[in-house]
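Here's the structure we're looking at; comments come further down.
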């Protein structure tokens, strides 16, 4: 008899499905990418089918994979439910926390803070789901998620909100652009008349950038271009199609690695977005999400500003 399927394999496969990336899934699970990839391949061998289409730039589940992964999520949620009693036993951060995150934040924040989370709460396991804000709210309402990292405020009366940090925006331009060559930090007003590229409809970052551009009277490229991700936005700027605004964490990740891209901090007062943790009132985790948020806040990188203000 060959090796049996394990919960760890299911957890790894679901992590790949949620992050659409083997490297980020490995970071979220706290293992090396070769280890995670080998376990997923072993699972595929045991099932006799391919779970993921690895031919495209962004990993996607196959049609058969979607069916199997839906069952895997259900199994993992049933197993997680067995840990519910331990959440009220004086150790609330144990078991599996089903955490959502907006795509303009998750890939840039979570790899930075997960090592400290694992060190301070070794019995806590994270199930991560990356999605747009409105879909995260739906998953919270339906009980599929325990908490989510989103931009505040949310205007969701059924959710508790905990501000975590303020994330400044950084100006991204081609290196020879006038705002990159001026020798002094640009103000919001300096964006006036500039072609600013944005994400497509549905991303909360688009609304935040539109607000800044509206104050600055920038020439927002809403008709000709709409990017699906921050990575696409960076490539479009490098291709001299326009300029854009990047959150500080994404900008820091791009620094020194994106050719044809200059990143410039704004002059004070710098435009920013507020990031927080939200969860259902009277949820199964009790005060666990707040303790989780406090641990996150203590592990923040220096490019953001911890926030303790009520929203």
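Observations on the model:
- Order of 212, 75 under a 10 Å beta carbon neighbour criterion, fewest first: 75, 212
- Mean Cα-pair separation over length for the chain, i.e. relative contact order, pairs under 8 Å, 6 or more apart, %: 22 percent
- Cα long-axis angle, helix 7-19 against the chain (0 to 90 degrees, to the nearest 10): 20 degrees
- The fewest-to-most ranking of 154, 104, 133 by surrounding Cβ atoms within 10 Å reads 154, 133, 104.
- Beta bridges by DSSP in region 166-272, antiparallel share as percent, to the nearest 5: 70 percent
- Convex hull of the chain built on C-alpha atoms - directionally averaged projected area, nm²: 17.4 nm²
- Span from the region 285-300 Cα centroid across to the region 10-40 one, whole angstrom: 24 Å
- The ranking of 292, 137 from fewest to most other beta carbons within 10 Å of each one's beta carbon is 137, 292.
- By average C-beta atoms within 10 angstrom, highest first, the peptides 240-250, 32-42: 240-250, 32-42
- Region 1-82 - Kirkwood radius from inverse mean 1/r over Cα pairs (Å): 12.7 Å
- Seen against the Cα atoms of the chain and their longest principal axis, helix 106-120 is set at about 50 degrees.
- When DSSP beta bridges are restricted to pairs lying wholly in the chain, around 65% turn out antiparallel.
- Dividing the C-alpha radius of gyration of region 262-305 by 2.2 N^0.38 Å, with N its residue count, gives 1.63.
- Principal-axis tilt of helix 288-298 within the chain, Cα atoms, nearest 10 degrees: 50 degrees
- Label-point gap, in nm, between residue 219 and residue 120 - each point 7 angstrom along Cα→Cβ: 4.7 nm
- Its Cα gyration tensor gives region 106-157 an equivalent ellipsoid; the semi-axes, largest first and in whole Å, are 23, 13, 10.
- Computed FRET value (nearest 0.05) for residue 298 with residue 156, which takes r as the C-beta separation and R₀ as 22 Å: 0.30
- Scattering curve values for region 167-252, log₁₀ I(q)/I(0), Debye with Cα scatterers, q = 0.20 Å⁻¹: -0.90
Read-outs: derived from the displayed coordinates by stated rules, not from any lab. Note that this is a predicted model, so its numbers are computed, not measured. Glycine gets a Cβ as well: all are built from the backbone with ideal geometry, and neighbour counts include every protein chain shown.
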